[in-house]
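*Asks:* I'd like to ask you about the structure that follows.
The values are calculated or read from the model by the stated rules, or taken from the named source; none is laboratory data. Please read these numbers as outputs of a predicted model, since none were measured by experiment. Here the Cβ is made from the backbone with ideal geometry for all residues, glycine too, and neighbour counts use every protein chain on show.
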Amino acid sequence: MEESNKVDHSKNIIEVADVSFSYDGREDVLQNITLAIHQGDYIGLVGPNGAGKTTLLKVMLNLLVPHQGSVRLFGQDMRDFEEWHKIGYVPQKLANFDANFPASVFEVVLMGRCAGKRLFQRTTEADKKAVLDALEKVDMREFKDRLIGDLSGGQQQRVFIARALVNRPEVIFLDEPTAAVDREAKDSFFALLQKLNQEAGLTLVLVSHDIRRLTQEVMHIACVDKTLTCHISPEEYLAESESSDIGGKKVKILTHHHHN
Ligand code: ADP
């Protein structure tokens with residue numbers, strides 16, 4: 001994937017500086033992580049299970065507070081940041097959404113719109129329009145009245161993206177978004193992400209185990225294994241992996257220690 005000239009390297013959307021994090025004072029799960037994500041970037045976070053990828057996402061979203069280092073969002077210190085509508089999040093657990101949950105597609109997307117509002121506040125025309133626009137962007141508008149539980153994994157994931165898009169964010173974080181997407185739907189799902197990145201200029205931060213696929217899709221790969229072990233282009237990543245190939249993909253990832 002060629003790097004799009006739409007990436008504006010002068011604009012940092014997220015700056016993680018020397019961040020260390022541990023759960024309840026235990027051993028560090030993240031250690032001295034420094035990473036900048038630019039406007040228009042499409043970045044894949046990779047690393048073995050338990051490497052701290054989800055934890056890093058949560059630190060960048062202020063859902064977890066590091067004991068060392070700082071995070072800046074849109075040039076502002078996290079602690080002063082208030083423009084949360086600029087950030088969308090598709091968490092991993094949505095993939096295990098209760099299939100019997102009796103909500104329509106429209107309602108699920110509306111929930112994203114209501115986040116931060118008082119519960120049961122009346123739905124406005126603007127809310128409705130925002131929901132339909134978001135569904136349009138993921139090609140799911142015609143499904144608006146269907147029950148979320150009746151959709152396929154790939155269709156549900158599109159709805160969850162619409163839910164993240166409904167407040168017109170500038171960046172979206174996706175944690176293992178293809179876990180519940182079947183093989184045939186994966187291509188169109190990644191095509192949707194490309195469209196959002198290329199045409200809408202949305203910055204994307206994607207955690208995925210599917211490294212082969214990620215290297216075909218993203219502009220940058222960041223390898224996390226407690227520390228940041230690399231931050232390179234997919235081409236460099238593949239070249240590095242091949243030169244140190246001693247026994248399959250898993251080993252390559254585990255032994256990947258390129259310091260940048
Ligand atoms: P990844 O997303 O790369 O699989 P995680 O960020 O989920 O990794 O987890 C990193 C480490 O932190 C793992 O050892 C995991 O067991 C631990 N961990 C994750 N969440 C919690 C939690 N809520 N409390 C304690 N430890 C946790």
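For (1) under 23 Å from E83 (Cα atoms); (2) free of Cβ contacts under 8 Å to residues at least 60 places away in the same chain; (3) of a type in the set (S, T, Y), each residue gets a yes or a no:
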| position | (1), (2), (3) |
| --- | --- |
| G153 | no, yes, no |
| R163 | yes, no, no |
| V171 | yes, no, no |
| F190 | no, yes, no |
| L196 | yes, yes, no |
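*Asks:* Would you point out which residue out of D133, D187 is surrounded by fewer than 18 Cβ atoms within 10 Å (Cβ to Cβ), at pLDDT 95 or above and charged (D, E, K, R)?
*Replies:* Sole residue among the options that is surrounded by fewer than 18 Cβ atoms within 10 Å (Cβ to Cβ), at pLDDT 95 or above and charged (D, E, K, R): D133.
*Asks:* While we're on this one: Scan segment 190-213 and tell me whether some residue there is modelled with pLDDT under 90, assigned to a helix (DSSP H, G or I), of a type outside the set (V, I, T) and at negative phi.
*Replies:* yes
*Asks:* Considering only residues that are more than 6 Å from the ligand (Cβ to nearest atom) and of a type in the set (S, T, N, Q), look in segment 27-58 and name the one that is nearest to Q194 (Cα to Cα).
*Replies:* Filtering segment 27-58 for residues that are more than 6 Å from the ligand (Cβ to nearest atom) and of a type in the set (S, T, N, Q), the one nearest to Q194 (Cα to Cα) comes out as Q39.
*Asks:* For segment 155-181, how many residues are surrounded by fewer than 21 Cβ atoms within 10 Å (Cβ to Cβ) and outside any loop (DSSP other than H, G, I, E, B)?
*Replies:* Residues flagged as surrounded by fewer than 21 Cβ atoms within 10 Å (Cβ to Cβ) and outside any loop (DSSP other than H, G, I, E, B) within segment 155-181 amount to 1.
*Asks:* Which number in (1) aromatic (F, W, Y); (2) within 16 Å of the ligand (Cβ to nearest atom); (3) surrounded by 17 or more Cβ atoms within 10 Å (Cβ to Cβ) marks the one condition that Y23 misses?
*Replies:* (3)
*Asks:* Need pairs with beta-carbon distance below 9 Å; first residue among the basic types (K, R) and within segment 4-30, second part of a strand (DSSP E or B); sequence gap 6+ or separate chains.
*Replies:* Here the result reads K6/Q39; K11/H38; K11/Q39, each pair linking segment 4-30 to a residue that is part of a strand (DSSP E or B).
*Asks:* Looking only at segment 39-52, which residues are closer than 21 Å to E176 by Cα and surrounded by 15 or more Cβ atoms within 10 Å (Cβ to Cβ)?
*Replies:* G40, D41, Y42, I43, G44, L45, V46, G47, P48, A51, G52
*Asks:* Within segment 75-87, is there a residue that is within 16 Å of the ligand (Cβ to nearest atom), closer than 23 Å to V171 by Cβ and either modelled with pLDDT of 95 or more or buried (at least 20 other Cβ atoms within 10 Å of the Cβ) (or both)?
*Replies:* No, segment 75-87 contains no residue that is within 16 Å of the ligand (Cβ to nearest atom), closer than 23 Å to V171 by Cβ and either modelled with pLDDT of 95 or more or buried (at least 20 other Cβ atoms within 10 Å of the Cβ) (or both).
*Asks:* Any residue in segment 46-66 that is free of Cβ contacts under 8 Å to residues at least 24 places away in the same chain sitting within a Cβ distance under 6 Å of a residue that is within 9 Å of the ligand (Cβ to nearest atom)? List the pairs, counting only those 6 or more apart or interchain.
*Replies:* Note: pairs meeting the criteria are K58/L64.
*Asks:* What number goes with the only condition from (1) away from the ligand (no atom under 16 Å from the Cβ); (2) at pLDDT 90 or above that P66 does not pass?
*Replies:* For P66, the exception is condition (1).
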